[in-house]
Amino acid sequence: MASFGAVAAALVAAAALFAASQADAAVTCGQVASNLRSCIPYVTGRVASLPPACCDGVRTLNSAARTTADRRATCNCIRSQASGINGIQTGRLSGVPSSCGVQIPYPISPSTDCSRVT
């Protein structure tokens, strides 16, 4: 069994690695929220079709997220933002990138493990 000190040291190291990966990201949560704000009516079912501004935002973020740190930061921000939206329809949410003609290397879902995004 690992000692408390070893476990605490491992947790501190993991937190430092996570913080470093977020610090290296050029994409901010503010940018994610701003670019995807127009998608909210669609992912909550208030409108039937994706607004063009939503796809513009998805394409902008996809272009901005060049590094692993950027993609992880974007993923974490999407997860965080999605958890605060009442009535979100996860099927619609996950289909937004492909509906906009954008391929991303991870699923858009509240359950996505963003630490595995490359």
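The values are calculated or read from the model by the stated rules, or taken from the named source; none is laboratory data. Note that the coordinates shown come from a computational prediction; the quantities given were computed from them, not determined experimentally. In this analysis, Cβ positions are derived from the backbone assuming ideal geometry, glycine residues included, and neighbour counts consider all displayed protein chains. With ligands, DNA and RNA removed, areas are computed over all heavy atoms of the protein, side chains included. Shrake-Rupley method; radii C 1.70, N 1.55, O 1.52, S 1.80 Å.
With all protein chains present, calculate the accessible area of residue 42 using a 1.4 Å probe and round the result to the nearest 10 Å².
Accessible surface of residue 42 is approximately 30 Å².
Please say if segment 45-106 is rounded, prolate or oblate, where rounded means a/c under 1.5 for a ≥ b ≥ c the square roots of the C-alpha gyration tensor eigenvalues, and otherwise the choice is prolate for a/b larger than b/c and oblate otherwise?
oblate
Compute the signed sum of charges (Lys and Arg +1, Asp and Glu -1) over the other residues within less than 15 Å, Cβ to Cβ, of residue 46.
Taking every other residue near residue 46 into account, the sum is +2.
Compute the distance in nm between two label points, each set 7 Å from the Cα along the Cα-to-Cβ direction, one at residue 113 and one at residue 89.
3.0 nm
What does the extension gain come out to for residue 28 and residue 47, with contour length at 0.36 nm per residue minus their alpha carbon separation?
Details: separation 19, 0.36 × 19 = 6.84 nm, distance 2.72 nm.
Value of the extension gain: 4.1 nm.
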